[in-house]
Amino acid sequence: MRNVVIIGSGPAGYTAAIYTARANLNPLLIEGLQVGGQLSITTDVENFPGFPEGVMGPELMEAMKKQAARFGTDFMSALVTKADFSQRPFRLWTDDEQIQAKAVIICSGASARLIGLEAEKKLIGYGVSTCATCDGYFFRGKEIIVVGGGDSALEEATFLTKFASKVSVIHRRDKLRASKIMQDKAFRNPKIHFVWDSVVDDIYDVEARNVRGVKLRNLKSHEMTDFKTDGVFVAIGHEPNTQIFSGQIEMDANGYIVTHEGTKTSIPGVFAAGDVQDHVYRQAISAAGTGCMAAIDAERFLEHSE
C-alpha cells in the first residue's frame, strides 16, 4: 500500500515526486516506457529557467530524478498496463505486480504524432522537431518545413518565421483544416509558402546526423521531388497517453484528462499534471508547475481523508 503513486517520469512526474517526498509521503514513481518523457529525446533546452547556457534534455531529467531520489522517492522501471479507480485504495497493474495507492498522480504525458519514417526517428533532436517553441531559435536564418495543415501547424509555422528565412508548409491536401483566422494570418505572411497535395517520404541525411533535405511525393501526380531544407517540424498533433484510463475518468474529445480546481480529476484522490491534461502550453516548465500543484493537492487530500 502506497500513499501516493506517480505515473510517468517527465518534468511533471519528477516535480510531483520531489514535493510529495519532501512532505514525507514516500511516493512511488512508475517511470513508463520513455524515462524522462519527451525531454529525454530533446537535445538542447534553452528556455528552462536557471540554465543560462542551456541544458541537454536528458541531463535536466537526470538532475530532477536525483533530486526526487534524494528526498526518498522510490522508482519502478515499469509500465502501468491497467488501472482501477472504482474504489479506494486505487489499484494499478504493471506486467509483474499489482500496486495499491491512497492517491494517484497521473503524469503519463502526451506523445507527438510522427510521420512514421525511420529517418525521422533517428534525426529527432538533429534537425527534426515536434516543438517550435522549444527549437525554433536554433534555425535562425535557415529554410525549414512544417508538416501539417491544422491550427497547430500554422501556429508553429507563424512562430518559426521569427527565426527562419523561409517556412514551407507541406500539406497532404489542397486546402487547410486550420481555422479561418489562422489561415488568413499564414497567407499574409511573406515568409510562409505552401506545398500542396504532398507528403514527406524520406528525410536526409541520417549518416551526417543533420537534416539536409526531404523527399516529397505529390499525391495527385505521384511525382517525387528532392526538397532542400535545414529543418523539419512535424505538427500533426499530439496523442495523450491516457488509453488505460478510458471510461474511468473524465476526458475531453481528444483524450486529455479534464482537471478542475487545480489538478483534481473527476475522481477524488486522482490528480493529473503535465501534457496529459495540458494541450495548450506543452512546455517543460508548465508541466513542472502542474506537477508541484498535483503534489500539494494530493497532500491536502490525504490529510483530510485519513
Can you compute the charge dipole magnitude of segment 196-306 about its Cα centre, using +1 on each Lys and Arg Cβ and -1 on each Asp and Glu Cβ, nothing else charged? Give it in debye, rounded to the nearest 20. 320
Can you work out ³J(HN,Hα) from phi for every residue in segment 123-132, in order, using Karplus 6.51 cos²θ - 1.76 cosθ + 1.60 and θ = phi - 60°, giving whole Hz and x for Gly and Pro? 9, 4, x, 10, x, 9, 9, 10, 8, 5
Computed magnitude of the charge dipole of the chain (debye, nearest 20; Cβ of K, R +1, Cβ of D, E -1): 620
Which entries of Lys82/Lys122; Lys185/Lys220; Lys185/Lys264; Lys175/Lys228; Lys180/Lys228 have Cα-Cα distances beyond 25 Å here? Lys82/Lys122; Lys185/Lys220; Lys185/Lys264; Lys180/Lys228
Largest first and in whole Å, what are the equivalent-ellipsoid semi-axes of segment 1-103 based on the Cα gyration tensor, each being the root of 5 times an eigenvalue? 27, 15, 10
Quick query: amide H of Phe194 versus all other amide H atoms, modeled in the peptide plane; which residues come in under 5 Å with a sequence gap of 5 or more or a different chain? Val169
Sequence-distant aspartates and glutamates (8 or more away, or on other chains) whose Cα lies within less than 12 Å of Lys66: Asp74
Taking the simple approach of a point 7 Å from Cα along Cα-to-Cβ for both Arg113 and Arg88, what is their distance in nm? 3.8
Taking square-rooted eigenvalues a ≥ b ≥ c of the alpha carbon gyration tensor, is segment 118-234 rounded, prolate or oblate, where a/c under 1.5 means rounded and, failing that, a/b exceeding b/c means prolate? oblate
What number, in nm² with one decimal, is the all-direction average of the projected area of the convex hull of the alpha-carbon atoms of the chain? 17.0
Quote to one decimal, in nm, the extra length available between Met224 and Asn24 on full extension: 0.36 nm per residue of separation minus the C-alpha distance between them. 66.0 nm
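Here, each number is a calculation from the coordinates, and none is a lab measurement. Every value quoted in this text rests on a predicted model; they were computed, and no experiment measured them. Reconstructed Cβ throughout: ideal geometry from the backbone, glycine too, with neighbour counts over all protein chains shown.
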